[in-house]
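As structure tokens, the structure follows; a few thoughts come after it.
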Amino acid sequence: MLTIQTGGLYYKTVNRQIRESLARGEKEIILKDVLGQRYIAGGISGNARFTIYGTPGQDLGVFLNGPTVTVHGNAQDGTGNTMNAGRILVHGKTGEIPGHSMRGGSIIIRDDVEYRAGIHMKEYMDKSPLLVIGGTAKDYCGEYMAGGSIVVLNRENRKESPVGRFLGTGIHGGTIYVRGPVEVWQLGIGAVLAEMDGEDREYLVRVLEEFCREFQMDPAVFPLKDFIKVTKKSRRPFGKLYTPAMNLKTEKPRHFNLTPPCEAACPSGIPTPVFLNLIKEGKVREAQEFMDEYTPFRMSVCGSVCPALCMQSCSRKVLDGPVEIQKLARDYYPDFNPEPPKEKRSEKVSIIGAGPAGLSAAWQLARRGFDVHVYDKMKNPGGKVQNAIPRERLAVEALERDFSRIRSLPVTFHMDSMIDVEMFSKLQSESDVLLVAAGAGKTRRINYPGGDRIESGLDFLMSINGGDASSLAGQSVAIIGAGNVGMDIACEAWRLGAAEVTALDIQKPLAFGRELELAEKLGTKVLWPRKIDHLDETNIYFSDGSMLHADRVYFSIGEVPEVSFLPESIFRDERGYVVTAEDSFQTTDKGVFVCGDIRKPGLITDAVGEGRLAAMEMAAMLDKGDFVFPRKIPVEKKRIQLVCFGGEENDADRCMSCGTCILCDTCIDHCPQGALSRNGTLFTVDPERCTMCYTCVSVCPRGAMQPDYIAGVTESEVPVRTGAQKVAEVE
């Protein structure tokens, strides 16, 4: 046995030492500290054994003809390239094209592989190659496969498909076995799903035994029933391409807008790139009016208390930081009220609840001319936005700017109105449609022994905003529940003079962002996991025997809706939330709709978004039309060409307009066949010239040129853009 220390050695030096050692009769060679050296064991015949510690470079085992190569680590691209016989075992993952053109032997990889695994695999005489992928494989697995077997084991048992798109493109021999779901749209040209037979099962049993023996696993974790078989459709999948006047209309690239990451993450569904594109074109008022289509809470929610999920998902984040979307929402706040409806409609819409969900719906319906009446038990509109969010996080001025614009519309408010069963029945009878957006204002409690002294955290916050807060000077405060609302309670407790504040949770706390940072900066302790056993008048006792002194204790584990005023005809689930159909806000009572926290718990921006969509569904019903729940089709981040961006100074210019075309014509300029043209916003592809090279797809900076594989997307389902770029699809 020979050991070679390869650290710092040039790949040619390493390979020369290997060949000299084999010539002297060595049969077992250990390579240590391997880092990127190429062509290890390349072209070697016989029965030698190589054990590698580290990360070998490209083309490990290229032209291998008999030896066994074991890698304790990852391997780079081209593992087993054109190998003829032997075995390669990788105790890790590999890069692209493992098993490229191999015609014999086996490659067994414990973890994931990248693109084009097993491309051009083939059988030769009595040789049949085997590529086993323990984890997952990306696009083009088994491309142009002519023989042998690829087995994808998905050993972590992920629910999503363990293979990418174009699976088996051009396959005209061999078989691909996949453990896990494979949809038809993932198959490449020439590949089909097939039934497993007894021979397939016997073969998989042998493969699984070999894999599990090498990596010390139990074959029982890979049930044969979980495998799907993919094989060839015919021996000449591309035969039709060699006929004259070929027609590729169904497979040419397509031009349309997909959902940008910021919009996909925004519960209110705001298409930020369209808003910013209008600003960049100097159409500021149009941009502001465009935002009115989505939310009336531009200053208070978008610009202040929203956790900015859009910024967290911004593609620009990996380049030089996200676009400051919250700041832009404030900077371009309108200095005008919305246009009143052009005509008044007779239909009356009653809305129970003047929180963010109810006001969002009222905003949309009033702008469309409906007779909107809003009822709430509080004296002022706003719900939790008005009554429960600390003023340090949401200034009264910001909230009032939004309320002022809402009040400018013809909405009739009935505040200080308690809704009971009788009142609900009255509203239902006199309204054409009724929306319940009463939120969830009943504090969820756990019945701990001695827990009668635990107060409602929501009531605590509301008392502060109502000007009725009592001092906590010198007291120790404990908060059960360490989410963002719990952090708000902590901050307010400090402001009222608390000497010590501790937030407790049974699981990893859900608090994040500014709320958590501010609470911890003030000195809040966050303890988890803590399981409470009981309380007495001064202490909290935990199941592990420890205790915590607490003069005041508050619940902050969420709220549940108060639905006692609803008739039994409106179904609720076991937790008390009102049940609706999927992608709908209509209850089991046809004329009654619900949205916001009474339907399911969420963020404030969730409530705003649901209010808008519920209004759209109600308007569609009153118009006797169809309501189509908007579909989000996120653009893949790999389609965004980051190299095209950088150096922009104005924050609006930093938006990369992901998935949204700005008519830059990069795709047209780079089409090698001149097949793509544009007339205004209409893009067309010449089917006679287009060779489906997808160059246009590759060069589009924003991912607005799409390959035709996008699953299940019809022209009617493409997200509509109303603003700077309302782009037509190719014919």
PRE zone check, label point 7 Å out along Cα-to-Cβ of HIS534, amide N under 16 Å, scope the stretch 542-561, hits 542-548
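About the Cα centre, and with charges only on the beta carbon of Lys, Arg (+1) and Asp, Glu (-1), how big is the dipole of the stretch 544-702? Nearest 20 debye, please.
Details: 17 positive and 25 negative charges, 91 e Å.
Its charge dipole is roughly 440 debye.
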Starting from the Cα of LYS531, draw a straight line to each of the lysines and keep only those under 21 Å, dropping any in the same chain fewer than 8 residues away. LYS508
Take the Cα atoms of the stretch 323-408, find their three principal axes, and give me the spread along each one in whole Å, biggest first. 41, 30, 20
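Restricting attention to the stretch 551-633, which chymotrypsin sites (Phe, Trp or Tyr not before Pro) occupy a DSSP loop and are surrounded by at most 14 other Cβ atoms within 10 Å?
Answer by residue number: PHE571.
If the only charges are +1 at each Lys and Arg Cβ and -1 at each Asp and Glu Cβ, what is the size of the charge dipole of the chain around the Cα centre, to the nearest 20 debye? Walk me through the numbers before you get to the answer.
Numbers: 87 positive and 96 negative charges, 484 e Å.
Value, rounded to 20: 2320 debye.
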Give the calculated FRET efficiency between GLU26 and MET217 to the nearest 0.05, with a Förster radius of 25 Å applied to their Cβ-Cβ distance. 0.20
Can you bin every Cα-Cα distance in the stretch 375-464 into 5 Å intervals starting at zero and give me the percent of pairs per bin, rounded to whole numbers? 3, 10, 16, 19, 17, 14, 11, 6, 3, 1, 0
log₁₀ I(q)/I(0) of the stretch 1-112 at q = 0.15 Å⁻¹, via Debye over equal Cα point scatterers, no solvent, to two decimals? -0.52
Virtual spin-label span in nm between ASP33 and ALA473, 7 Å along Cα→Cβ: 6.9 nm
Positive dipole terminus of the chain, leading residue within LEU435, MET217, THR691 (C-beta point charges): THR691
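Calculate the dipole size of the stretch 1-98 relative to its Cα centre from +1 charges on Lys and Arg beta carbons and -1 charges on Asp and Glu beta carbons; express the result in debye to the nearest 20.
I would put it at about 180 debye.
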Per the Kirkwood formula on distinct C-alpha pairs, the Rh of the chain is how many angstrom? 30.2 Å
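For the stretch 616-656, state the average projected area of the convex hull of the C-alpha atoms over all orientations, rounded to one decimal in nm².
Averaged projected area of the stretch 616-656's Cα convex hull equals 5.0 nm².
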Accessible area of CYS310 in the full protein assembly, 1.4 Å probe (Å², nearest 10): 20 Å²
Alpha-carbon spread of the stretch 533-656, three principal axes, descending order, Å: 61, 52, 24
What value, in deg cm²/dmol to 500, does the helix sum -39500 (n - 2.57) over DSSP H runs of n ≥ 4 give at 222 nm once divided by the residues of the chain? -6500 deg cm²/dmol
Work out the P(r) tail for the stretch 261-350: percent of alpha carbon pairs separated by more than 21 Å, whole number. 35 percent
Packing-wise, with mean Cβ within 10 Å as the measure, how do 57-69, 172-184 rank, highest first? 57-69, 172-184
Please enumerate, by chain and number, the lysines with C-alpha under 18 Å from the C-alpha of LYS600, excluding those fewer than 8 residues away in the same chain. LYS384, LYS442
In whole Å, what are the extents of the stretch 121-197 along the principal axes defined by its C-alpha atoms, from largest to smallest? 38, 25, 24
Identify, among HIS373, ALA398, PHE413, the residue whose Cα sits farthest towards the positive end of the charge dipole of the stretch 365-422, taking +1 on the Cβ of Lys and Arg and -1 on the Cβ of Asp and Glu, with the dipole about the Cα centre. ALA398
Between ASP626 and SER408, with labels modelled 7 Å along Cα→Cβ, what's the label distance in nm to one decimal, could you check? 3.6 nm
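With a cap of 16 neighbouring Cβ atoms within 10 Å, and only residues DSSP puts in a loop, list the trypsin sites (Lys or Arg not before Pro) found in the stretch 591-644. Mind dumping the intermediate values first?
On the way: sites: ARG599, ARG612, LYS624, ARG631, LYS632, LYS637, LYS638, ARG639; in loops: ARG599, LYS624, ARG631, LYS632.
The qualifying sites are LYS624, ARG631, LYS632.
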Percent of Cα-Cα distances greater than 16 Å, calculated over the stretch 258-308: 41 percent
Any chance you could list the semi-axes, whole Å, largest first, of the equivalent ellipsoid that the Cα gyration tensor gives for the stretch 104-159, using √(5λ)? 21, 12, 7
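Taking the alpha carbon gyration tensor of the stretch 479-562, what are the square roots of 5 times its eigenvalues, largest first, to the nearest whole Å? Each step should come with its number before you reach the end.
On the way: eigenvalues 76, 47, 33 Å².
One finds semi-axes of 19, 15, 13 Å for the stretch 479-562.
The values are calculated or read from the model by the stated rules, or taken from the named source; none is laboratory data. The structure displayed is predicted, hence computed values, not measured ones. Neighbour counts run over all protein chains shown; Cβ positions are idealised from the backbone, glycine included. The accessibility values were calculated without ligands, DNA or RNA, using every heavy atom of the protein model including side chains. Shrake-Rupley method; radii C 1.70, N 1.55, O 1.52, S 1.80 Å.
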